[in-house]
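Working notes, structure below.
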């Protein structure tokens, strides 16, 4: 009885043809390729956005630190030997403050000296270039151009140009 049923089922049921199997495989491959491409693009965009945010934060950190020091400075020297910028000021207690910025590799260092005591700190990383130039139309204005580039899964960068005005000498 069971064999008769199987025999009847085999006569009524037909299998897939090779064409149908190939079409199903092609459609499955197209769907997998589309999902894979979408996933890859999503992760690439996330990595690029993260790298760009890191570059922005590094530039902002450098701009904040430099602007604070330049606004305190009474003397700004952009031609000082061995450093990017050399800043000095005298505080209320007649202490002479000296701040210099140097670029070592891709790290921007802030060197601070107060009465012979030196402190050094990394202000920003991933800095590709930084430059200070006095403005020709305002002898006391200083322009800083800074670029940060972050290389990771996706490369991204940020460049800013900022004008600073040191405090007037007393």
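The values are calculated or read from the model by the stated rules, or taken from the named source; none is laboratory data. What you see is a predicted model, and the numbers here were worked out from it, not measured in a lab. Methodologically, a virtual Cβ is constructed for each residue, glycine included, from the backbone with ideal geometry; neighbour enumeration extends over all protein chains shown.
Data for the structure
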{"read-out": "Region 118-158, subset assigned to a loop (DSSP other than H, G, I, E, B) and surrounded by 15 or more Cβ atoms within 10 Å (Cβ to Cβ), residue modelled with the lowest pLDDT", "value": "154"}
{"read-out": "Of all residues making up region 41-73, the number that are crowded, with 17+ Cβ neighbours inside 10 Å, more than 20 Å from the chain's Cα centre (by Cα) and outside any loop (DSSP other than H, G, I, E, B)", "value": "2"}
{"read-out": "Considering residues of region 74-87 that are in contact with a strand residue (DSSP E or B) (Cβ under 7 Å, 6 or more places away or on another chain) and either under 15 Å from residue 144 (Cα atoms) or at pLDDT 90 or above (or both) only, the residue surrounded by the most Cβ atoms within 10 Å (Cβ to Cβ)", "value": "87"}
{"read-out": "Residues being touching a residue at least 60 places away in the same chain (Cβ under 8 Å) and out of contact with any helix residue (DSSP H, G or I) (no Cβ under 6 Å at 6 or more places or on another chain) - total across region 126-135", "value": "2"}
{"read-out": "One residue from 118, 95, 111 being out of contact with any helix residue (DSSP H, G or I) (no Cβ under 9 Å at 6 or more places or on another chain) and more than 24 Å from residue 58 (Cα to Cα)", "value": "95"}
{"read-out": "Residues of region 91-113 satisfying the condition of being farther than 17 Å from residue 149 by Cβ and either surrounded by 14 or more Cβ atoms within 10 Å (Cβ to Cβ) or in contact (Cβ under 8 Å) with a residue 60 or more places away in the chain (or both)", "value": "97, 98, 99, 100, 101, 102, 109, 110, 111, 112, 113"}
